[in-house]
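One structure is given here, and the rest of the page talks about it.
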Amino acid sequence: MKLKADARLIIFLMDKEFRLNLNDKQIVQYVKLILTVLLLVIIVIICAQYITKYIEDGGLAKLIIVIASCGLLAVAEISDSFVIKNFTAKMVFYGVDSVLLFIICLTTGNSYLSALYCIVLTQFYISVNDLKKNSILFGVSCGLYAVSFVCGWIVSYSGDSPYQVIVQVFGDCVTGVVLIAIDFMVINFILRFYVKHVQLRQALQEADESKARLKDVYEKFSQTAVYEERNRIAKDIHDNAGHSMTTVIMQTEAAKLLIDSNPEEAKNRIISANIQAKNALEQMRQSVHLLAGRAQARTLREEIEEIIAQTIDGTELKIRYDLDDVSLGSEEYRFVINTVKECLANGIRHGKATAFYLEMKKSFSDVCLLVSDNGCGIDGGLNEGFGLKGMREKAEALGGKCCFSSESGEGFEVEITLPLKEDEKEKA
């Protein structure tokens, strides 16, 4: 985060303080225009000096050569800067520039030669913007500059003593090469810095755009998730609570019919209806809490213990249990709770069970829920009805499995295995 903040600060300073808020092509064009103006200024100075020299000493031929060479150099540089785009063509024009510079050096005695080389090379560096090619051209240019400089001194100062010529030529030649080298390093450093600046600005812009897109997608996904969760809760209320209330009505209606002829069966029906009503009330309470955005107040073990307490309240049912503390996801949590309720209700209503045993054990990678009763069991093969089939399919959808076992007179047993969350695996 600090690196990103620093990068933004650099771009802010570049854009605001140094006003580099133009696009790349505009900046290059403005720099080329400035260099062209400098070149024209130096050319005008050279021509003006030589015109003055011509007036004093004569030499019309040299004057024409100087003016023609300076004019051609100006035209070549303007074409190279603003017209020519191909690298090969640029190299051809650079060769023409070198010849013209050599002629100007021979006729004017090295006047402003290093400045002209720096301007010409800078134009090339900016146009090509390739460090390897720029380095090659820099080396070639240093050699051409040295040759031009030596030839210019030989032509202009042939009457001086050889020692003075050698010393002065060497000193001025080294100074010019140093200036060209400084120009090479400064311009290429600025180019590299600006390229990195542009890349960094683009990267941050892309990061901001990606962040905005991700935020938009996240908001849409969150809204979709909220709608899906509300629809799921509404379906739970409709399926579970509605089913429970329907069962309550059926059990109480049956109890009314049996209360005179079979009081014991009527009592069992009323007990079963009471359990179903409590379960329906608890399911609706949980659904309302979920709609309000409240987290589960009780652990899974505490919730099952509460269900057991509600089931045996005011009845003669016996329920033994052995429960580990287990943490499951919200969907798995609700599935286990609903399964316990349904197993108890089915055992009482269909199996006429009077005792139950509940076990919930946690292993390294999963949790196993076992619910068994002492009811009448099932005579013949097990035929999964709507409730049992839905229970098995839901367990498989959650990555687990569900097994049923029963024999006539031996009760009914449900065993469900669900995978643990990763953090619970580490605790196990």
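The values are calculated or read from the model by the stated rules, or taken from the named source; none is laboratory data. This one's a predicted model, so the numbers in the text were calculated from it and none came from an experiment. As a convention, Cβ positions derive from the backbone with ideal geometry for all residues, glycine included, and neighbour counts pool all protein chains shown. For the accessible areas, the whole protein counts, side chains as well, though only heavy atoms, and no ligand, DNA or RNA atoms are used. Shrake-Rupley method; radii C 1.70, N 1.55, O 1.52, S 1.80 Å.
Quick notes on this one:
- When residues in region 242-253 are screened for being open to solvent by 40 Å² or more (accessible area, probe 1.4 Å), modelled with pLDDT of 65 or more and not aliphatic (A, V, I, L, M), 2 of them pass.
- Residue in region 347-363 that is free of Cβ contacts under 8 Å to residues at least 40 places away in the same chain, out of contact with any Ser or Thr (no Cβ under 8 Å at 6 or more places or on another chain) and in a helix (DSSP H, G or I) present: no
- If only residues of region 350-405 that are surrounded by fewer than 15 Cβ atoms within 10 Å (Cβ to Cβ) and among the polar types (S, T, N, Q) are counted, the one that is farthest from L418 (Cα to Cα) is N383.
- Selection from region 167-215 of residues that are over 30 Å from Y117 (Cα atoms), open to solvent by 70 Å² or more (accessible area, probe 1.4 Å) and of a type in the set (K, R): K211, R213, K215
- Residues that are acidic (D, E), modelled with pLDDT of 85 or more and over 20 Å from A280 (Cβ atoms) are absent from region 380-388.
- Residue within region 254-264 that is charged (D, E, K, R), modelled with pLDDT of 80 or more and part of a helix (DSSP H, G or I) present: yes
Residues are listed down the side, and each one gets a yes or a no for (1) out of contact with any strand residue (DSSP E or B) (no Cβ under 7 Å at 6 or more places or on another chain); (2) of a type in the set (D, E, K, R); (3) touching a residue at least 24 places away in the same chain (Cβ under 8 Å); (4) under 17 Å from C142 (Cα atoms):
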| position | (1), (2), (3), (4) |
| --- | --- |
| V66 | yes, no, yes, no |
| A74 | yes, no, yes, no |
| D80 | yes, yes, yes, no |
| K85 | yes, yes, no, no |
| M91 | yes, no, no, yes |
| I103 | yes, no, yes, yes |
| S114 | yes, no, yes, yes |
| V120 | yes, no, yes, yes |
| V128 | yes, no, yes, no |
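- Residue match in region 77-97 (condition: of a type outside the set (K, R), surrounded by fewer than 20 Cβ atoms within 10 Å (Cβ to Cβ), in contact with a Cys (Cβ under 9 Å, 6 or more places away or on another chain) and in a helix (DSSP H, G or I)): no
- Flag if K53 is open to solvent by 70 Å² or more (accessible area, probe 1.4 Å), of a type in the set (D, E, K, R) and in contact with a Leu (Cβ under 9 Å, 6 or more places away or on another chain): yes
- First in region 189-207 and in contact (Cβ under 8 Å) with a residue 40 or more places away in the chain, second anywhere and surrounded by 12 or more Cβ atoms within 10 Å (Cβ to Cβ), Cβ under 6 Å, 6 or more apart: L191/N129; H197/M14; L200/A7; R201/I11
- The set of residues from region 67-87 being modelled with pLDDT of 80 or more and β-branched (V, I, T) comprises I67, V75, I78.
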